[in-house]
Amino acid sequence: MALLGQDLESPSGETAWTVLDAANDLGDTTTIDACRRVIDADLRGEAPARSDMAVLTAFFA
């Protein structure tokens with residue numbers, strides 16, 4: 001089970017970097033801030049806030 005949790009954490013950080021690049025190009029400060037919080041949480045080994053993940057998910061919707 002620990003491996004499954006680790007697998008779920010890594011993509012959120014990688015996804016956040018991808019979204020951050022796109023949000024920077026568009027000047028979307030709300031998404032940029034959410035991406036930074038997700039990346040920070042990922043680097044600390046913590047789960048990102050659901051609200052921040054929702055912003056990242058909504059970016060591509």
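Read-outs: derived from the displayed coordinates by stated rules, not from any lab. This structure is a prediction, so every number in the text was calculated from the model and none was measured. Using ideal geometry, Cβ is built from the backbone for each residue, glycine included, and neighbour counts are taken over all protein chains shown.
Quick one: length gained pulling ARG44 to ASP25 fully straight, 0.36 nm per residue minus the C-alpha distance? If you can, show how the numbers build up before the last one.
Numbers: separation 19, 0.36 × 19 = 6.84 nm, distance 2.63 nm.
Full extension from ARG44 to ASP25 adds 4.2 nm.
In a fully extended conformation the segment linking THR57 and ASP33 would gain 7.2 nm over its present Cα-Cα distance, using 0.36 nm per residue.
Where nothing but the Cβ of Lys and Arg (+1) and of Asp and Glu (-1) is charged, how large is the charge dipole of region 9-59 around its Cα centre, in debye to the nearest 20?
Details: 4 positive and 10 negative charges, 29 e Å.
Computed charge dipole of region 9-59: roughly 140 debye.
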